[in-house]
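The numbers here are math on the coordinates, done by the rules we state, and not lab data. Keep in mind the model is a prediction, meaning the values are calculated, not measured. Using ideal geometry, Cβ is built from the backbone for each residue, glycine included, and neighbour counts are taken over all protein chains shown.
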Amino acid sequence: MSEYSHVKSTKLVLKGQNKGFIKGHFSWPHTVPWFLCSPGGWWCVSSFGDVAGTVAIEMQNNSYIHALDTGLFTLGAPHGDDEGPDPPEQLTAIKLSDTRIAFKSGYGKYLGINSDGLVMGRSDAIGSREQWEPVFQDGKMALLAANGCFISYSDDGDIVANSKTAGDAEMLKIRTSTEREVKHKDELADEDRGNVKSCEVNYVKKFQSFQDRRLRVNEDDASTLKKARVDGKFHEALLDRRSKMKADRYCK
């Protein structure tokens, strides 16, 4: 289990709402609020800025998304009220922009979706399918996948993204073990700071195999990177450019 040790939101379209729900008059039970409950010290995030570091995605009460060694995910067994997620249920959150995020499993693979909306963790790099958008509204949260659908779990226990609307089955919580005093307000990864050209150099340095110790950066026009950054496809565009140099360990 050693591999686990390091390990502008859009508006929700809610279905099946209670007719008695009146905005501004809804309140949770007179107990500790859901976002303050901390089983095993894992507290629930309430904004995008809180999603950082080691996290777990809770689909039901005390049941988390669980990584399998096949690259698939399932719903884990329920935990006790004082227990946090197991190592296979712990993910690393990586901010990509002001609204999008990537998740890496303890197996070192990024979570994404296939053409059928099945959530998988088999990618070594971040492409468009590996980008997620946490959506917060009225004290609730859902997770939007790259196909425009919200994630939930199937009758077989698979984790899927196949619903265009967010009902009760799509409501979830992201829990983190990061200290609350440490603020992570929309912090980007170090490699994503600066202009597009400097970001490209950062990623080349990070992933290039350096067989002859020479830095190989794509000299083609970088204007497409600016557009890709705005469209949320920046990492995918960087990967395409690096693949043309045939010096990246993920692009051979």
What fraction of the Cα pairs in the range 32-176, stated in percent, has a spacing above 28 angstrom? 8
Paramagnetic label zone (point 7 Å from Cα along Cα-to-C-beta, LYS164; backbone N under 15 Å) in the range 132-149: 145, 147-149
A chain fully extended from ASN114 to VAL201 at 0.36 nm per residue, minus the present Cα-Cα distance, gains in nm 28.4 nm
Can you run phi through the Karplus equation (6.51, -1.76, 1.60; θ = phi - 60°) for the range 117-124 and list ³J(HN,Hα) in whole Hz, with x for Gly and Pro? x, 7, 7, 9, x, 10, 9, 8
